[in-house]
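This report concerns only the one structure given below.
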Amino acid sequence: MSSKNNLVMRAETALGAEVQLAARARHVLRQNDMGDWTCAAPNLYPHQWSWDSAFITIGLAHLSTRRAAKELLALFGHQWGTGKVPHIVFNSEAPPDSYFPGPEHWACAAASPDAPPAPPYTSCLCQPPVHAIAALRVWEVAERNGGEGVDEARAFLRQIYPKLLLWHGYLMTHRDPEGSGLVTIYHPWESGTDNSPRWDAALAAVEVGDLPSYPRYDLRHVANPSERPTSADYDRYIWLVKLIKKASCDETNIYRSHPFLVKDILFSAILVAANEALLKIAALVEAQDGDYTLIANWIARGHRGLDGSWDPELGLCLNYDLRAGTPLRALTVAGFAPLIAGRQSPERLEALIAALESSAFLGHPWLRWPVPPSTSPLQVGFHPRSYWRGPTWPVINWLLWWSLLRAGEPERAQRLRQASLQQLAFGGFGEYFDPFTGELLGANDQSWTAAVALDWLVADDLLIAA
Ligand code: 2M8
């Protein structure tokens with residue numbers, strides 16, 4: 001056979017594999033579809049999680065922009081009076097012993113004057129604000145598809161824009177009373193990277209008081225308990241929830257007395273990128289003049305905050321413990337925050353890429369595929385199978401891929417996309433993966449994993465503006 005035919009055959013096989021993977025991703029999203037919202041994973045996570053829903057919206061946009069819009073509108077239907085978007089909206093239909101801490105544990109949140117009507121109950125924490133990025137993605141897909149979906153998508157943007165503005169406003173005020181440009185979190189769950197070593201030092205300082213015994217339903221849904229946070233971690237998580245409830249979920253009370261108060265650079269960087277998306281949405285919906293200046297100021301403040309967290313020796317940003325008054329030194333993917341925020345100087349970009357490709361991350365010789373481990377194998381506390389302490393997470397790969405594209409690094413972005421897709425073709429739509437063996441860990445059929453896979457597979461031709 002000629003080498004030309006050989007090449008054509010290989011290209012066809014690769015295309016066939018991508019088509020199959022996309023079909024499987026669609027199936028996962030349909031299977032987890034609850035009508036106008038999507039459960040994060042069938043057994044382990046039977047509720048609606050905030051940043052999961054944003055990533056899910058990005059994937060759903062390729063199935064139906066109308067359904068994708070509904071996903072975000074359903075979540076924002078439970079926005080708090082302060083503008084906060086809760087990290088979980090509890091599914092009233094889920095069996096009572098399916099997730100802990102469930103709705104009854106959080107019912108107190110409904111007592112806050114700022115809480116939305118319940119049921120359904122919500123938690124009173126929040127998670128990284130990927131939502132404006134997702135809303136803009138719905139628009140980009142609708143615009144590419146053309147037809148009546150375009151008007152519908154514009155109407156959706158008009159509906160969601162004031163809610164997004166309120167949400168970002170909440171983060172820029174209540175979560176940054178210092179005006180530092182960095183978002184304060186009250187609980188590792190707010191970071192979305194729950195047991196990351198970047199929280200170890202701050203968590204170690206939290207003294208756990210009397211705690212009634214509580215169930216670990218999560219351990220029933222993983223092959224091995226080592227894949228989930230330890231009981232010492234969980235005690236602290238539940239203790240922090242108890243303190244937040246005791247403070248009536250009130251921001252001023254929490255800020256005054258809470259033992260875990262940390263500036264999260266990944267959260268803050270996502271907010272900068274989300275504010276860039278919000279600025280584009282503002283133009284699309286012809287927002288009032290003052291909004292542009294307001295959002296542009298938020299963006300500038302976010303960049304200043306990230307600049308101040310830069311560690312030139314590591315070539316990464318560091319989180320900051322407000323209680324201890326010290327930076328939290330840890331080699332984790334969160335350190336790539338300025339890449340995610342965008343618009344960095346050429347020198348900063350070069351340093352970030354050098355760190356990304358170093359043996360601490362993509363260049364580590366034991367990696368099965370060149371996709372970044374959530375925590376560097378060189379970091380104390382790294383564990384290849386334990387949740388956010390080492391496994392690779394497809395949604396983080398998506399964020400980095402998208403950021404590399406925005407940074408004008410299409411070849412690097414493409415390599416990351418290819419490696420991520422190879423991992424998913426091998427392992428399935430797992431929650432996370434062992435970076436050395438590629439083994440699927442955590443939940444099967446995780447919705448946000450299927451969603452980002454779908455975006456990678458069908459969004460090749462989408463114009464992503466820098
Ligand atoms: C994980 O977090 C929840 C608590 O919020 C848990 O472990 O029970 C994290 O990976 C978080 O980022 C994610 O949003 C959530 C649902 O997928 O699961």
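General observations
- When each full DSSP H helix of the chain is screened for a Cα extent of at least 20 Å along its own axis and an average Kyte-Doolittle hydropathy of at least -0.5, the helices passing are 3-31, 131-145, 149-173, 231-246, 265-284.
- Filter on Lys163/Lys263; Lys70/Lys263; Lys245/Lys280 - keep pairs with C-alpha separation over 27 Å: Lys70/Lys263; Lys245/Lys280
- Accessible area (Å², per residue) of the chain, counting only protein heavy atoms and a probe of 1.4 Å: 38 Å²
- Convex hull volume of the C-alpha atoms in the range 347-456, normalised per residue: 88 Å³.
- Overall form of the range 198-348 per C-alpha gyration tensor (a/c, 1.5; a/b vs b/c): prolate
- When the residues Val138, Val8 are ordered by accessible surface, computed with a 1.4 Å probe over the protein chains alone, the sequence from largest down reads Val8, Val138.
- Note on the chain: helix-only mean residue ellipticity at 222 nm, from DSSP H runs of 4+ residues weighted -39500 (n - 2.57) and normalised by residue number, equals -15500 deg cm²/dmol.
- Cα pair count fraction exceeding 25 Å, expressed as % - the range 264-376: 31 percent
- Of the accessible area of the range 262-340, computed with a 1.4 Å probe over protein heavy atoms only, carbon and sulfur atoms account for 52 percent.
- Surface share of carbon and sulfur [accessible, 1.4 angstrom probe, percent] for the range 193-237: 50 percent
- Calculated on alpha-carbon atoms, Rg and Dmax of the chain in Å: 21.0, 74
- For the range 141-212, the percent of C-alpha pairs falling in each 10 Å distance bin, counted from 0 to the bin holding the largest distance, reads 16, 25, 25, 21, 10, 4.
- The range 1-143: proportion of alpha-carbon pairs further apart than 24 angstrom, %: 41 percent
- At 1.002 mPa s and 20 °C, Stokes D of the range 84-228 from Kirkwood alpha-carbon radius, µm² per second: 116 µm²/s
- Pairwise Cα inverse-distance average, inverted: Kirkwood Rh of the range 229-305 (Å): 15.2 Å
The values are calculated or read from the model by the stated rules, or taken from the named source; none is laboratory data. Since the model is a prediction, treat every value here as computed from it, not as a measurement. Areas reflect the complete protein model, heavy atoms only, side chains present, ligands, DNA and RNA absent. Shrake-Rupley method; radii C 1.70, N 1.55, O 1.52, S 1.80 Å.
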